[in-house]
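Read the structure below first, then the notes.
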Amino acid sequence: MLMQTHEARLAALREELKRRDLTGFVVPISDEHMSEYVGDYAQRLAWLTGFGGSAGFAAVTLDHAAIFVDGRYTVQVRDQVDEDLFDYRSVPGDSLGDWLKEVCQDGARIGYDPWLHTWNWVEKLENAVEASGIALVPTDGNPIDAVWSDRPSPSPAEAIVQPDDHAGISSAKKRADVADWLADEGLDAVVVPALDSVAWLLNIRGCDVSHTPVAHSYVIAHGDGSAELFIAPGKVTPEVAQHLGNAVSVRPRDEFEAALGELAGKIVSVDPDFGVAAIAQGLRVGGATFRFRQDPTILAKAIKNEAEIQGHRDAQARDGAAVSRFLRWIEENAPSGEIDELAAATKLEGFRREHGDLRDTSFDTISAAAGHAALPHYKVDEDSNIPIPAGSIYLVDSGGQYPAGTTDITRTVWIDTPGGSDPTTEMKDRFTRVLKGHIQIDRAVFPQGTCGGQIDALARQYLWEAGVDYAHGTGHGVGSFLGVHEGPQRIAKPGGGQAGTAQELHAGMICSNEPGYYKPGEFGIRIENLVLIAQKDIEGAEGTYLGFETLTFVPLDRRLIDKSLLTQTEIEWVDAYHRQVREILAPQLDGEDRAWVERETKPL
């Protein structure tokens, strides 16, 4: 019989822990590839606790349980997780090690699934608790899987070929580049565990994870340019097999662990962020020497080639037309009060599908009305869904997966009342300050060697002048028909655990530009475009200088702009941006949609 309550599920897990002679167990949101988005089969935290966020973990002992989330999910975790079953803990203020020392006695055995955590995570937690007599124990199989009776199976979907005219570089050339890197580093092989890295290296895609077109698989790449692909045999079609060629050996995915033991005597690279502990443990037990190095595909994947750049431009143009049609629709229909957040998100996806070639959304659309817009990572569902109120701000953050590229855009708009109304002075002030910061990033020029953490303050300066800020990063990398969040680059405040802020920015990288402002319980504002890092041609420049080229073209809501707060240069930027929007979108639209874009892009 299926267990219907989270209380019953927690009780069943505790019985399983007793059977395994374990005192406790750690439950992350993760899969065997340390993916941001995971398949339904890996949604163990949601199954156990009811929490639907994309980051967090739980720890369960025989007598205690807690769920750990960051500030983005403070409200959500209380709505979704029963406080009688789990204590709420906030990271980074509360640490797992401190909690375990608080609730466990000397001799406690805390289990963890070595396929869901990195080596560094294990070492750090061991160092935190070993003095208290607490032992970490890698489990053979996940205890939750033993009690999750209706756990979904991993996706059986077939892999597909990403043609070279989209990929820009053949898989053979990419594998040769990896082989050169291995030689330079004095290594024999590299394990490629991240799903998007496997997809990029072999020029394949898949349908195994919502929002990210990847196939569940691993690669071991060797110094002679050959590779072994570990993937379920049913996923490899004749077309994919022909595309991979003789230099790529296709092996069943369940042989991967044993294959690590075949590398005895070799020096093998493992990525410290995406290689789970079980990989390093398997290499060590099998007699290989492992070295932690960043996966050589990660930086190469982030620096887009000309075909990928043009693909992004094409995808953005198609996507921009769809989003603009949606914004006209929401402007005309939402003032009635009869459109809710879920209906709006569905309508937006429909416009994208009408414009063709959409394979998936690139993440769950953030369709946020009124106070919900003040939650940067709000996820609408049947329980949270509300009608979009007239006389309020509506924020929509969305994106599409197209074979030519991945999109991500946020627009904040004013929802009028049937009789006509204006945003408050505060709303216009905050929107305009966010816009000014957005413009500063877009216009930034910086020397080669600059990292994202060094330019983040440009986006915040006008908010800081008003004594306010936002709690998320300003920009993340974006893949080419791959992950909407792609490293290693990031524009965010340096330090504080913000991964990627020290990564040098290179020409060819694509980033988001998305400053915001959020007033809890009332409204939220974010303006997001994607931008391409490109070399600047500056007469007399002493060295190489870089800047940004805008890729996203959709009108900004002029009703929220306080023109008096803009400099002449900023007014000229808005007018020039809207002129490009009109030039790119108008030929794709007709009738009222075209008239709306032409109206919304007139000079300020």
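Just a few scattered comments:
- Count of region 347-383 residues which are under 26 Å from PRO515 (Cα atoms), out of contact with any Cys (no Cβ under 9 Å at 6 or more places or on another chain) and open to solvent by 30 Å² or more (accessible area, probe 1.4 Å): 9
- Within region 562-581, the residues that satisfy the criterion of being within 30 Å of the chain's Cα centre (by Cα) and open to solvent by 10 Å² or more (accessible area, probe 1.4 Å) are TRP573, GLN580.
- Qualifying residue in region 462-474 (condition: at pLDDT below 95, under 25 Å from the mean Cα position of the chain (by Cα) and among the small types (Gly, Ala, Ser)): yes
- Per the listing GLY419, GLY400, the residue uniquely surrounded by 19 or more Cβ atoms within 10 Å (Cβ to Cβ) and among the small types (Gly, Ala, Ser) is GLY400.
- Taking region 38-91 as the range and being charged (D, E, K, R), open to solvent by less than 60 Å² (accessible area, probe 1.4 Å) and more than 18 Å from the chain's Cα centre (by Cα) as the test, the residues that pass are ARG44, ARG89.
- ALA444 vs. criteria at positive phi and at pLDDT 95 or above: no
- Cross-chain or 6+ apart pairs with Cβ under 9 Å, region 49-65 first and within 12 Å of PHE25 (Cα to Cα), then of a type in the set (D, E, K, R) and in a strand (DSSP E or B): ALA59/ARG89; HIS64/ASP87; ALA65/ASP87
- The strands (runs of 3 or more DSSP E) located wholly in region 247-310 that include 2 or more residues which are open to solvent by 60 Å² or more (accessible area, probe 1.4 Å) occupy 289-292.
- Members of region 442-489 found to be crowded, with 21+ Cβ neighbours inside 10 Å and hydroxyl-bearing (Ser, Thr, Tyr), listed by number: TYR462, THR474, SER480
- Just one residue in the set ARG526, ARG558 is open to solvent by less than 20 Å² (accessible area, probe 1.4 Å) and of a type in the set (Lys, Arg); that residue is ARG526.
- The sole residue among ASP381, ASP429, ASP397, ASP408 that is at pLDDT below 95 and among the charged types (D, E, K, R) is ASP381.
- Unmet criterion (only one of (1) without any contact (Cβ under 8 Å) to a residue 40 or more places away in the chain; (2) over 18 Å from the mean Cα position of the chain (by Cα); (3) open to solvent by 50 Å² or more (accessible area, probe 1.4 Å)) for ALA8: (3)
The values are calculated or read from the model by the stated rules, or taken from the named source; none is laboratory data. Quick caveat, the model's predicted, so the values are computed rather than measured. No Cβ is skipped: glycine too gets one built from the backbone with ideal geometry, and neighbour counts run over all protein chains shown. When the accessible area is computed, the model is the full protein with side chains, heavy atoms only, and any ligands, DNA or RNA have been set aside. Shrake-Rupley method; radii C 1.70, N 1.55, O 1.52, S 1.80 Å.
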